[in-house]
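The values are calculated or read from the model by the stated rules, or taken from the named source; none is laboratory data. This one's a predicted model, so the numbers in the text were calculated from it and none came from an experiment. FYI the Cβ positions are ideal-geometry reconstructions off the backbone, even for glycines, and counts take in every protein chain you see.
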Amino acid sequence: MHRRSALIGWFTACAMGGAAVAAEPVVPESLEWTSLWAMHADYLNAFVHSDGFGARRVTPMMRLMQSGSLRLGVGRLRVEDVQMIGIAKHDPPVVHQGGMLKFQHGDEGPDFLPEAAQRPLNAQERDVVRRLQAGEQMVSLSAASGAAAGPVRATADCLQCHQSKKEGDLLGAFVYSLRPVMQQPL
């Protein structure tokens, strides 16, 4: 029952937030978010403002996974995995699966990622892309799965590599798998 009430509160929290993304990544020792948007904004900052590409870009996001949790009501959720829906360089869009390392840009060039790390979008993911393209801030996928998606929109920083895009274009989406944090007995 505790997990269910936390997930219900989590979907309510999707509507909260919407402030602009901060200019610097946040990677504290322990971080507690109170809305999905605040959590997503920190993941975007960690991704966009990391030095280089490839595995170096993952490290700040991995630190967020290890140190952050989402507090909703009396429950807490932790990010178990992040996958990316790639739109900017993929027509049609694809899901980079297999965990965070699989969706990163490669220092070695476009052949860095194995083809097996990508798959076509399913119907639910196509709906997520449609809703994010329509301007939604966060999309809840399913209360049963504890998943949500947030947009990766082009900023001035992104346009250095994604030159065919303009600010605000949807480049992709992060899909978060969230699980309840088990409370330790006192």
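Remarks
- Residues in the stretch 87-129 that are surrounded by 14 or more Cβ atoms within 10 Å (Cβ to Cβ), small (Gly, Ala, Ser) and at pLDDT 85 or above: 88 only.
- Strands (runs of 3 or more DSSP E) fully within the stretch 1-86 counting 2 or more residues that are touching a Ser or Thr at 6+ places or on another chain (Cβ under 7 Å), surrounded by fewer than 21 Cβ atoms within 10 Å (Cβ to Cβ) and at pLDDT 55 or above: 31-33, 75-86
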